[in-house]
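Undergrad: Take this structure first; my questions come after.
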Amino acid sequence: MAITHAAPIDAGTDRTRPVRTGLDRTRGERDRGIDLVRACCIVGVVVLHAMMVGVTVTSVGPVFENASDGTAWIAPLSWVLQVMPLFFVIGGFAGLLAYRRHRSHGAPASAFVAARLHRLLLPAVVSIGCVGAALAMLTVVGVPADLVAMAGFRFGQPLWFLGVFLLCQALLPALAAAHERAPLRSNATLAIAAVLVDVLRAATGVDALGFINLVLVWTALQQLGFFLADGSIGALSRRVRAAAGVGAVVVLVLTWWTGVYSSDLIANINPPTAALLLVGVAHTALLSLVRERLTRLSARRRVAFVTDFVTRRAMTIYLWHMPVLLAMAGASAVFALTTGIALPAPDSLGWWLGRPLWLAVALTLTALVATVFARVEAVPSPVATGARRRLAIAVLLGLGAIVALLVIGTTVLSAALVVVLILAALLLSAEACADRRSQRCAPTVVDLWRVGGRGDDRHGRLRPRRRGRDEQRPDVGRVEVGPDRSRSLLRLDVPEVAEVVVLEAAVEVPGALAFEPLPHDEAGERRIGEVVVVQPGRVLGELGRRERHPIAVGDDMRVEDGIEQLVLGAVVGVDHRLAHA
């Protein structure tokens, strides 16, 4: 959690001088350039899937098909929009940094896995439940069973990513430990094993063997992101990185030219092949070369707005873009049937002329739907279970639910079954509690201790009160953190402050907290990201002098870090700064 605070704002001016706490030096901030790339990957997936939607109406009724089947344009388009290898590299980059932040807070690996499971499965259970209800409605109103089945099949196709990404994140602590012990050997082992699977698959003709690479290929790409996160790739010269990228592309072209792998990179994803490793190397090399430029580009206002919008809703956009495309396809068919206007055949001139409007509508509707359902993705993670067996069962239930949906297909019954399994996984990943309502209301007490001298430069330290420890009166004050799941109250009762300052931790962005002071004096001023402090003994009219201390909440501060790790990086009282113990 990266929280910074700034110097007080003088009356009549908005100028501040940011002051960094020690927390920032140890935790770092989000890489805005990486966030921009992640946003582009999400948008690229939506565009690629939107291009594949083909709808026509014949004498027997509407026909929904993959518009890219048998076309010449899908192969070159896949070389541009096959971004899944890069997405897993970025996932490894962000995952390793998040896991290290967890460890720096003293949180166990199980807490990291539980938080990841919550962030991935909670939006999924809502999406799957809504789609199951929609399929039931279509059946009730008389839509042909084959069309309902087709819609369920198309919805479930992209969910392979959810299952594989959940598996990769669940294995991340173990893979991170292997990376720390032997980085090159651990990654090379996965890559070589993936190549051997491809060789065995080609020699035996058993395509099912290729699904072993669902684990090997994607974890190897995640491991590649570890090298990007720890600076190993950045330490290489630009010439070496460029040579690695070019070499990967050359080898990829040779494998296509010789018939080892398909030139259609989409075909190399089901099941995944080692060709995706070459794509990942090329993407990573290019990313490392242009990273500084991307960081500067991401600082532009409009680019930053789009980046923030997408990254805060990444999983929601991914889960809901296919239902949006299916709804658009259905609406197109209904329009053609009711008006008698023929829809252009896929890959025809009329179809291509309509693609820009189709893509614009798809992106707009997906953004609107994501805005509505992003609240689910923003729900804070509950307290993670400390039982490894419970967590392992939760991960297996989550994976089993997704696999079941991919194998059986999305129907009303299968969606209901998967919802039950995912809910069970979410419950198992959280700490067991006989009375959850009383647990939500009970505050966590954190004591404030003075660690400096008794002069003006006195500082307070936040120290969690341990269970079973003898009670000691803090010499500065006490903080009560109410562990409410969505809105947590922090009450600071500091003797040197004339009034009690009450703050509210309100979820402003998915997975992040923004601090907002509640009205506590006659002015009743509410300022997000600021603390209003009334200084005793200094008056302005009939009120105590009020100082505004801005709080800059880093984007990498996530509720999965645990409510007990919250830190108030603000000035309270007269030069009483709080820092985490």
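Undergrad: With +1 on each Lys and Arg Cβ and -1 on each Asp and Glu Cβ, how big is the dipole of segment 188-308 about its Cα centre, in debye rounded to the nearest 20?
TA: Roughly 740 debye for segment 188-308.
Undergrad: By how many nm would the segment from LEU297 to ALA416 lengthen if fully extended, with 0.36 nm per residue of separation less the alpha-carbon distance?
TA: Answer, rounded to one decimal: 38.4 nm.
Undergrad: Hey, can you grab everything whose amide H is under 5 Å from the amide H of ALA430? Only 5+ residues off in sequence or another chain; H modelled, so Pro and N-termini drop out.
TA: Those lying under 5 Å, H to H, from ALA430 are THR385.
Undergrad: May I pose another question? Spin-label point model (7 Å from Cα, Cβ direction): what's the THR58 to VAL306 distance in nm?
TA: Placing both labels 7 Å along Cα→Cβ, they lie 3.9 nm apart.
Undergrad: Still on this structure, I have one more. Take the Cα radius of gyration of segment 197-347 and divide it by 2.2 N^0.38 Å, with N its residue count; two decimals is plenty.
TA: Rounded to two decimals, the normalised Rg is 1.40.
Undergrad: Here's a follow-up. Starting from the Cα of ALA75, step 7 Å along the direction of its Cβ; do the same at VAL260; then give the gap between the two resulting points in nm.
TA: With each label placed 7 Å out from Cα toward Cβ, I get 1.7 nm.
Undergrad: Heavy atoms of the protein only, probe of 1.4 Å, neighbouring chains included. What is the accessible area of ILE42 in Å², nearest 10?
TA: Surface accessible to solvent at ILE42 totals approximately 10 Å².
Undergrad: I'd like the accessible area for VAL281: 1.4 Å probe, protein heavy atoms, all chains in place, Å² to the nearest 10.
TA: The accessible area of VAL281 comes to roughly 60 Å².
Undergrad: Rounded to whole Hz and in sequence order, give me ³J(HN,Hα) for segment 86-95 from the Karplus expression 6.51 cos²θ - 1.76 cosθ + 1.60, θ = phi - 60°, writing x for Gly and Pro.
TA: 5, 4, 6, 4, 5, x, x, 4, 5, x
Undergrad: Using a 7 Å offset from the Cα along the Cα-to-Cβ direction at both ALA336 and PHE211, what is the distance between the two label points in nm, to one decimal?
TA: Taking the two extended label points, one gets 3.3 nm.
Undergrad: Next up: Taking amide H positions as placed in the peptide plane 1.01 Å from N, state which residues far from VAL53 in sequence (5 or more) or on other chains have amide H under 5 Å from it.
TA: The list, which skips near neighbours in sequence, is ALA67.
Undergrad: So, one more: What is the extension gain from LEU368 to ALA404, computed as 0.36 nm multiplied by their sequence separation minus the C-alpha to C-alpha distance, in nm to one decimal?
TA: Value of the extension gain: 10.0 nm.
Undergrad: Let me check I have the definition right: for segment 133-275, take the eigenvalues of the Cα gyration tensor, multiply each by 5, take square roots. What are those semi-axes in whole Å, largest first? Don't skip to the end; give the middle numbers.
TA: Numbers: eigenvalues 249, 86, 48 Å².
So the three semi-axes of segment 133-275 are 35, 21, 15 Å.
Undergrad: When only Cα pairs under 8 Å and 6 or more residues apart are kept, what is the percent relative contact order across segment 158-269? Write down the numbers at each step before the final one.
TA: On the way: 50 pairs, mean separation 24.5, N = 112.
Dividing the mean separation by the residue count of segment 158-269 yields 22 percent.
Undergrad: Calculate the dipole size of segment 239-387 relative to its Cα centre from +1 charges on Lys and Arg beta carbons and -1 charges on Asp and Glu beta carbons; express the result in debye to the nearest 20.
TA: 720
Undergrad: Shifting gears a bit: Sort out for me the Cα centre separation of segment 227-280 from segment 137-197, rounded to whole Å.
TA: Answer, in whole Å: 20.
Undergrad: Please report the relative contact order for segment 203-322, taking Cα pairs under 8 Å with a sequence separation of at least 6, and give it as a percent rounded to a whole number.
TA: It comes to 30 percent, rounded to a whole number.
Undergrad: Which whole-number percent gives the relative contact order of segment 257-401, counting Cα pairs below 8 Å spaced six or more residues apart? Mind showing how you got there, number by number?
TA: Values: 41 pairs, mean separation 31.7, N = 145.
Normalised by residue count, the contact order of segment 257-401 is 22 percent.
Undergrad: Further question: Explain nothing, just compute: Karplus ³J(HN,Hα) = 6.51 cos²θ - 1.76 cosθ + 1.60, θ = phi - 60°, for every residue of segment 205-218 in order, whole Hz, x for Gly and Pro.
TA: x, 8, 5, 4, 4, x, 6, 4, 6, 4, 8, 5, 5, 6
Undergrad: Let me check I've understood the local charge: for PHE64, count other residues with C-beta under 11 angstrom from its C-beta, Lys and Arg +1, Asp and Glu -1. What total comes out?
TA: Neighbour charge sum, excluding PHE64 itself: -1.
Undergrad: 5 Å is the cut-off here: which amide hydrogens, built 1.01 Å from N in the peptide plane, fall below it relative to VAL63, excluding neighbours closer than 5 in sequence?
TA: HN-HN under 5 Å from VAL63: THR56, VAL57, THR58.
Undergrad: To continue, here is another question. Apply the Karplus curve 6.51 cos²θ - 1.76 cosθ + 1.60, θ = phi - 60°, to the phi angles in segment 226-233 and return the couplings in whole Hz, x for Gly and Pro.
TA: Per residue, the Karplus-derived 3J(HN,Hα) values read 4, 5, 5, 6, 8, x, 5, 6 Hz.
The values are calculated or read from the model by the stated rules, or taken from the named source; none is laboratory data. It should be emphasised that the depicted structure is a prediction, and the values quoted were computed from it without experimental measurement. Cβ: placed from backbone, ideal geometry, glycine included. Neighbour counts: every protein chain shown. Remember, those area values only see protein heavy atoms, side chains included, never the ligands or the DNA or RNA. Shrake-Rupley method; radii C 1.70, N 1.55, O 1.52, S 1.80 Å.
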